Each structure stands twice: as C-alpha cells, then as structure tokens.
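Bear in mind these aren't lab numbers, they're just calculated from the coordinates by the rules spelled out. None of the values given here were measured: they were computed from a predicted structure. Cβ: placed from backbone, ideal geometry, glycine included. Neighbour counts: every protein chain shown.
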Amino acid sequence: MPVESVRNVSVEDGWEPSVEQSETLEITFYSPESDSAMAESSHAFAITPLYDDYPFSDPIKYKGEYHYKSQPTFGSSSTNNGQFEIRPQSGLIILETSGDRPTPSKIISALSETINQNLKIEREFVPGREQTWEFLSRMEKVGQIGEIEVIPPFGGVTKIDLRGSEVRQSSGVTLDEAIGNYPIEYAKVQLAYESDPFTVEYSSGQLVIESSDPEDKEYVYQIFETSMTES
Amino acid sequence: MYTPNPIWTRYRPTRWIHRFLTQYTDTLLFKTTVPVSSGLAILSNLLDENMFLLLAILTLFLPPLYFAWRYRPFYVSLEWENLNPGDIHIRAEQRGRVVLDDGQALVRVKVFFDESVSGYALKIDPDKPLSATPTDEPPNAEYKDGILEQKDMENPQFYFGLRIREVDPIKLYEPEVRIRDANNNDKLLLSIGVT
C-alpha cells in the first residue's frame, strides 16, 4: 500500500514548476489535459472541493512524479518512483511512495535539494496537538474510528479504550482525557466517501489511504488540510 | 502523606530551592562527596585532627555551591522517559541512555517550567548522525527550525514525544540528543545518550 508523507512547504512568488534534475532525483510536473489552462501556470490543477468545510477558495495544486536513484559508495543503487502534490494554499506537499527504502525522508531531502529555488520543504512534519485531534474528530464525523494510540503522561504508548464511557478499565486511557491533550501516535479510521468504505491510517505525518480511487484520496487530503489550517 | 500544593510551591525562592535540591541530589557529584565527607569527619574524630574536619566541611558544602553557580537559575526541570517496549530499553534507561531499534527510538520528554517564567524557547540539538523531532506541538507552542517555543506561559508544564532517528551511520562515539534553553545562552537542560 503506498504511503503518503506530508510535509510543510512554503511556495514563494515566482516559483514555477519545471523539469528538475540532480544526481539522485529527476522530477517532472504534469499538466492538466484540458485546453482551458489556468491563467498563471499551465501546470496548475484546479482542486474540486469535496469536503464541506474546505476553507480555500479557488484552490490549486501541482502534481508531479519523481524518479529516485540512490548513489551509494558501496553496494548497488536502488531506484524508487512515485508521485507528489504541492498544495500552496494549505502549504503542504504530499509525497506518495511505495516500498520501505529509501525512506520518504530521504526522498523529501532529495526533493528539497533539487527544487531549491523559491520552494522550501521542511524536513520533518510537526503538527499542533489540537490540530491532529481536529483531524481525527473531523474524520469521525464522516466515518468510524477503529483505533487510536496515544502517548499518555505516564506509561508507554497506549491504545484508547473506545468501547464506551461506562466501561472504564482501571488502567486504561479514556478518549475524554486524551482529546487535545495527549499526542496521537497512531489512528485508524474507516471512511466511506462515495464508493466502498476504505481505511485511513495516520501516524507521524504519514497517511495510508487504502483506496485506489483518487477522489477518496483527495477527500482525505482536504479533511487533513482543513484541520491543519485551523489555528 | 501527600499534600496537594504543599506550602513550598507557593513561593518562587522555595520552588527554586526545591528544584535545585532535586537536581543536585541526583548527580554523581553529590553521591560521592557525601560519603567522602562523612569519612573525613569520622577520621578527624578518630585522629583528633582538625584538618580533616575542615576538609569534611569543604567536601560537603563546596560541591553544591559549585553546582548552584554552574547550573543556575533553577527555573526549569526536564526529564525524559523511554517509550520503547522491551527489557533492553528499560535497562538502558537506568543508565541514562536510549537504544535505537532499527534506527529509531521514541521517548517522552517532560518539561516543568516555573510559573513565573514568561515564555520559553527550547532548542532540540541532536549530535550530527541523529535527528530528533517532537511528535507534535504541545498546546500553545510552536515548533520551527528545531526550536519549540511559546511566547507566553499559558502552559508551563507539558510533555511531548521525541522521535530520535539515525540519519547517518553512528561511528565510534555515542552521540547525544541535547535540549537547550535558547532564551538563556543555549544553556543545557537535558542530555539523552543514544546507543
């Protein structure tokens, strides 16, 4: 299952998508097929708001693909191909990778080095605690939470007992005490947008969306962006 | 006997003294100088030699004075706890170290600021082959360029997860992840040894 890695990106005025190349990475941007290209750039794709609370007006995104080839001093090189989206309104770049190696962080580093004019990609994604809970809460309204793991103030990473507020285990962590207060380490939600239900897993800046329908993915991205943009 | 809000928490000087004592008594310096001082005092009694008594007093009181001067001011306390399951991690934690499992480790960092402090900026400073990132921003705080900061003190006591990763291969020495006070000359507040 491909993994979507999220990072913050700041797109400065004057940035234009173009073919970029470095020792390890080759990047190409897609163009929308229709003749009615966006005024600013022929590479910008219009985003159709799918989520009710989506706050952006006239949102656009840039889509592209990368070909990564590692150049290790010893051993054979490995290749990895994938896609990414740059969404300037929410300031996010979402990288879709498959396979464990190289790690998404390595690819993000390479991306950052390769596209270095007027585009700054942060190496790590550190969201606000309340915003992560906002994301979960929004997903819960359009789906069902399967599992949540949090870091409580004492003890190890703990799974939250979601079964019901009446049944409270003596050593368990309840949802009430965790919301907004404890860092979320992992969450699994089941959504059903238009088509068949699919699961979404979230964990430290990574989403695994179990669906091949691009609209399902876009829907989840929009919920994510809406939550992260709230202050 | 547990009293919520014991009397010493109400005044800043007593809170600082409490923090100083907690931190000092945790050090190796304290743990070695006290027995040495006791030994010298006993010797001075046995041998009827005042010199030893003087040395005993110096060995007992000079180290805390040095510690107080070196690590002042005592307005903040940081602790870290291992979150990785497994005996090897528990044993390593007792030695003040964290063990990387498949190049990664997760710890919980707890921060206790004195309520009189008006904002903070914590710099997370890992040694070169490592990266250390908070799992998220505690409420009211912002993380940017390796610094976790809060402009006002709405939330003086908080915690966050810290993900430690091996970015470059660790060579001979054992690297550390340090947390420094960016508002106070990068004063070292916490140091986590990484194996």
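Computed quantities for the displayed model
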item	result
Cβ neighbours within 10 Å from other chains - mean over A:203-211	1
Ordering of A:206-215, B:47-56 by burial proxy (mean other Cβ atoms within 10 Å per residue, highest first)	A:206-215, B:47-56
Total charge dipole magnitude, the protein assembly as shown, about the Cα centre, Cβ charges on Lys, Arg, Asp, Glu only, Debye to nearest 20	2400 debye
Amide proton proximity set for A:Tyr193, modelled H, under 5 Å, gap of 5+	A:Phe198
Paired Rg and Dmax values of the range A:84-231, which use every Cα atom, in angstrom	16.7, 56
Coordinate range along principal axes, alpha carbons of the range A:79-119, Å, largest first	29, 18, 13
Relative compactness, the protein assembly as shown, computed as alpha-carbon Rg over 2.2 N^0.38 Å	1.19
Excluding exposed DSSP-loop trypsin sites (Lys or Arg not before Pro) (at most 16 other C-beta within 10 Å), longest clean stretch of chain B	B:1-94
Whole-Hz couplings from phi, Karplus 6.51/-1.76/1.60, listed for the range B:142-148; x for Gly and Pro	10, 10, 8, 6, x, 10, 9
Long-range HN-HN contacts of A:Gly128 with modeled amide H, under 5 Å	B:Glu137
Against the rule of thumb 2.2 N^0.38 Å, how large the Cα Rg of the range A:168-222 comes out	1.40
The range B:38-96: Cα Rg divided by the 2.2 N^0.38 Å rule of thumb	1.89
Part-to-part distance (alpha-carbon centres) for the range A:60-106 and the range B:103-160, which is given in Å	29 Å
Once the Cα gyration tensor of the range A:8-132 is diagonalised, semi-axes √(5λ) in Å	27, 19, 13
Square roots of 5 times each gyration tensor eigenvalue, C-alpha, the range B:1-59, largest first, Å	34, 12, 11
Average projection area in nm² (convex hull over Cα atoms of the range B:93-190, one quarter of hull surface)	6.7 nm²
Likely footprinting exposure, B:Ser116, A:Ser22, A:Ser112, A:Ser5, fewest C-beta neighbours within 10 Å first	B:Ser116, A:Ser22, A:Ser112, A:Ser5
Average beta carbon contacts from partner chains per residue of B:93-103, 10 Å cutoff	0
For the range B:174-195 versus the range B:12-77, the gap between their alpha-carbon centres in whole angstrom	25 Å
Per-residue average of Cβ from other chains inside 10 Å of B:136-149	4
The range B:20-177 - convex hull of alpha carbons, volume per residue in Å³	152 Å³
